Structures are given as structure tokens and as C-alpha cells.
Amino acid sequence: MSALTFHNQVAVVTGGSGSIGHLIVAALAERGANVVAGYHQHDVVVNALQKTFSEQVLPVQADLREPDAGQLLVDTALSRWNRLDILITAHSMIANAPVAEMSLEQWHAVLQVMLRGTMGICRAALRPMQRARYGRIVTLTGYQPLAGALDQANYAAALGGVLGFGKALAREVAAWGININSVAPGLIERAQIAAFDPSYVPWATNIVPLKRLGKPNEVVPTVLLLASEAASYMTGQTIMVEGGWRMV
Amino acid sequence: MQLDLTERVALVTGASRGIGRAIALALAASGAAVVVNYRGSESAANDVVEQITQQGGRALAVQADIADESSHDALIKAATGNFGRLDILVNNAGITRDTLLLRMKADDIDAVLNTNLRGIMLLTKAALRPMTKQRWGRIINMSSIIGLTGNAGQANYAAAKAGLLGFTKSVALEMASRNITANAICPGFIETDMTAHAFTDELRAAALQRVPLGRFGSPDDIAATTVFLASEAASYITGQTLAVDGGWTMY
């Protein structure tokens, strides 16, 4: 198969400072891409990436609650490198609560960032991709819309929206050679776990057939596959990286 | 990311032509030694082996009808005996006996189920022994979008391909603790000898209209996904079904 290289390609990654997002930025840059790393918090992480990859990584702070944030990230890529081949949405925001106790603010905040924010940046990415008659969009979603999750009705609804949106858009733009797919991680080791109830890791380890949580760098290769030319005949697909937990 | 399959040993069924051939060549190009199984096309299988060895790879052609389980041990031993292990099993061989259910004979059902489902189950069982010992394995089952959508004239084939998806998930659950993953690929309309013969121009045009990407796939598209699933890059993926179909289904 064609090696997964991205020489001369330009990518925008949202959530570029996140536990999975920063690894995606690094993996794309290592394989030759120029990357706009959108981030909201943790500028230390993206600044370190820029130090490592210098000219190849451009951190841009953007709050996806703002209506024009997606356009800003895309425009930055275009003005710096004059093209856009790849968009990865890896941003994340949660506001967990049971539905009966969920405030409208919690509902809106997650929908705003996870669904409206994703839609906005995908739309912004279309024009340059259509002009080039090539594009790869990969959304990071999760098991929540496919299998449900306690206290995450807002997150599940938003990501379910992203999946439906992605399939609809995949049909709209397939004629331009733009493929849209999603990667849905299962239970993954990430920094936030330190704040969880101590019973979480033993529970998760036991419940997953592979008997361990996934590592963030086990999610990245699937993202790269879908971002590459190797995935030229895949569109509208969702690949779960979840150790056999749900298998939906 | 690791797509390097050096030191890995693969068995690909139905590898003399079409998708299986592309898979065998791609696995070999990534460094794996490959047992190239064929049923009838001996010279085509030898061509695959020759192409691999000419490029410095290791390969061996082995005749076997997957429907006949008495041939399975020899297939497994071709891998373990000649190459020392068996890491990757690609259950690709499949047959069709298309006709409407009203006209379908019991033999049309038995033949398709025997090769496309029962044979795969028994060959997988045989392959799990060396994989369990190694505590590393990859089972990759070639299903079909027909297993997801159904198809008039293919009730037997659709049942076998859908059954394969349930089988894949069960194997994934049973073998996860041994670090053996099992996944399925559902190819859409792929340009092969099989589809060239089975479709009139009219049917091809009708099928093409259902593919958002506006073209049929190539065997290389399926081979790329197979190499990915066979590699270390897919270490946390198991029990999954990947459709490589140009957007036909999007399930």
C-alpha cells in the first residue's frame, strides 16, 4: 500500500493541544504535512509542538464557540500555505450530568462546541478542497452516540449529530474527491483520568475484551489511514477503536 | 505508525486472483511471508508467488478448497512449517451461486454456506492454535456490503456474509485476551474478474449510480485496508466491520 506520508499536504487539526489531538498534529508533521494546530487551552502543548516542528506547525488559538472560529483556522492555513488537504476535528468538550439534572447551559455548551463547531469548520474547509478536487475530513467522535453513555446525553447527541452530518456531507461532496470518515475511540487513557473516581481504571480494564484501556497513540494510526490517499475508497464510515468493548 | 509486517506470516485464501491477489501482494510488499491459497487457478497462484519472490519476498502457493476441512491442516502447516509461524489469516476465498430464492436449490445454499461461512469458521479455528501460542494474531474476514444490504438473487451469499460478521465479533470476544483481533471488511463494487463477468453494462451503470464517489473500487483499495488491520497500527481495533465501498452503504 502507499505509505502513509503527507509531503506537501496541509492539514488543520482542531483540539491540537488535546491528549489525542496533539499526537495527530505530531504524526502529520512527522510525515511531512504542514499543520495548523487549533487549540483553546494548554498553549504549552502546542508551543512545544511548534518548537519540535518549527515551520511545519502553526498553533492558532480559536474558541469553537465563536461562529467564525472554523473559518479563521482554515483561512490561516490558506494564507500561510495556500492549500488545504486534510481537516481533523479532534476538539472535545464535556459537561456531564444526568438528563434530569442537566442545565440548558450544559446542553448548549456541548452542542455548540462539538456539533456546531464541527459543522462550521467542515463548511469552511469545503471551498479549498473542492477547488483542488481533493480532501480528507476525519472527525473524532466516540462510542457515546453508538452505544450510549451515562451522564453524557449531551455529548452523545452532539457526536451522533456529527456522524449524521458527516454522512450527509460525504454524499454531497463525494463528486469532488472529498472523503469524510469518523474515528470513534472507546475508553482511552488520557490525562483527565487522574481526576476520575479511582474505580474507573479497574472497571474499564475489566470490561474491555482486550483487558486494557487504549492508548492515545493507538487511535492516531486510524486517523492517519483515513486522512491518507490509502483511504481513497472509504467515505461515510465510522471506525471504532475500542478494544472490542461495544463492537457496534 | 507501524505498517511494517517484517517477520509476520500470512495466509490468504483465494489469493490467486482479484482482491485476494492484491492482498497477498500488498502484505508481501509490507514484509510478510505469504501462503497463497488457491482452489483451481494454479498458474495464476504461481504468478503471484513469482511476483512476490522476484521482489525479494517470501511466498508459497498451496492448493486447497476451503469448503473441505480436511485440507485445512495442510494450509496451516504450510505457514508454520515453511515460515515458522502464522500471524495473519485473511479469509478471502468465496463463491457465488446467484439465483432468486424461489429457484434456489438446496445445493446452491449448501455450496455457498460451506465455503463462505462453514469453511471459514473451521479454518479460523485451526489458525487460532498457532496464534494462541504466539499470543499475537490477526483474523481478517472478507465479508461484503451484500451482507449489510442484502441483494436480490443472492440470498445465500448475503446470509453467509452477514453470518461472517457475527462470527467475527464472537471470535473477537473469545480471543481478545490472547491478543488476537478479528475484524471484517465489506468491499463494495470492486473491479475484478468476478464482477466483470457477473454484471452487464446496464447493471454496472445502475450500480455506479449508487456509489457517491462515482467509481468502482480497485482490489488495491481493499488491500490497503487489510494491511492496516493486519499491522500493529490496528492494535486496539477488534470486532469491527469496515466498509470500503465508496460511500455506497454508510451504515
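Under the condition of being of a type in the set (G, A, S) and open to solvent by less than 30 Å² (accessible area, probe 1.4 Å), the residues counted in the stretch A:68-109 number 7. Pairs meeting the criteria (first residue in the stretch B:16-28 and on the phi > 0 side of the Ramachandran plot, second residue open to solvent by less than 30 Å² (accessible area, probe 1.4 Å), beta carbons under 7 Å, at least 6 apart or on different chains) are B:G18/B:T192; B:G18/B:P219.
All of B:T200, B:T238, B:T192, B:T225 fail the test of being of a type in the set (S, T, Y) and either touching a His at 6+ places or on another chain (Cβ under 8 Å) or open to solvent by 30 Å² or more (accessible area, probe 1.4 Å) (or both), apart from B:T200. Restricting the stretch A:201-230 to residues that are over 23 Å from the mean Cα position of the chain (by Cα) and within 19 Å of A:M247 (Cα to Cα), which is farthest from the other protein chains (Cβ to nearest Cβ)? Checked the stretch A:201-230; the qualifying residue farthest from the other protein chains (Cβ to nearest Cβ) is A:W203.
So that you can scan it fast, the table gives a plain yes or no per residue for (1) in a helix (DSSP H, G or I); (2) crowded, with 20+ Cβ neighbours inside 10 Å:
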residue	(1), (2)
A:A158	yes, yes
A:G161	yes, no
A:G166	yes, yes
A:E172	yes, no
A:I180	no, yes
A:A184	no, yes
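Scanning the stretch A:210-248 for residues that are assigned to a loop (DSSP other than H, G, I, E, B) and open to solvent by less than 20 Å² (accessible area, probe 1.4 Å) gives A:L210, A:L213, A:S228, A:Y233, A:M234, A:T235, A:G236, A:Q237, A:E242, A:G243, A:G244, A:M247.
Only residues that are small (G, A, S), more than 30 Å from B:E232 (Cβ to Cβ) and either in contact with a helix residue (DSSP H, G or I) (Cβ under 8 Å, 6 or more places away or on another chain) or within 11 Å of chain A (Cβ to nearest Cβ) (or both) were counted across the stretch B:183-221, and they come to 1. Pairs only if they're at least six apart or on different chains, beta carbon under 6 angstrom, first in the stretch B:225-251 and more than 7 Å from chain A (Cβ to nearest Cβ) and within 21 Å of A:L146 (Cβ to Cβ), second open to solvent by less than 10 Å² (accessible area, probe 1.4 Å) and small (G, A, S); list them, first residue then second. Between residues of the stretch B:225-251 that are more than 7 Å from chain A (Cβ to nearest Cβ) and within 21 Å of A:L146 (Cβ to Cβ) and residues that are open to solvent by less than 10 Å² (accessible area, probe 1.4 Å) and small (G, A, S), the close pairs are B:T241/B:A184; B:T249/B:A243.
Once the stretch A:164-193 is narrowed to residues that are free of Cβ contacts under 8 Å to residues at least 24 places away in the same chain and within 22 Å of the chain's Cα centre (by Cα), the residue that is farthest from A:G142 (Cα to Cα) is A:E172.
The values are calculated or read from the model by the stated rules, or taken from the named source; none is laboratory data. Since the structure is predicted, the reported quantities are computational estimates derived from the model, not experimental observations. All Cβ positions, even for glycine, are placed from backbone atoms using ideal geometry, and neighbour counts span all protein chains on display. Quick note on the areas: whole protein, heavy atoms, side chains included, nothing else; ligands and nucleic acids left out. Shrake-Rupley method; radii C 1.70, N 1.55, O 1.52, S 1.80 Å.
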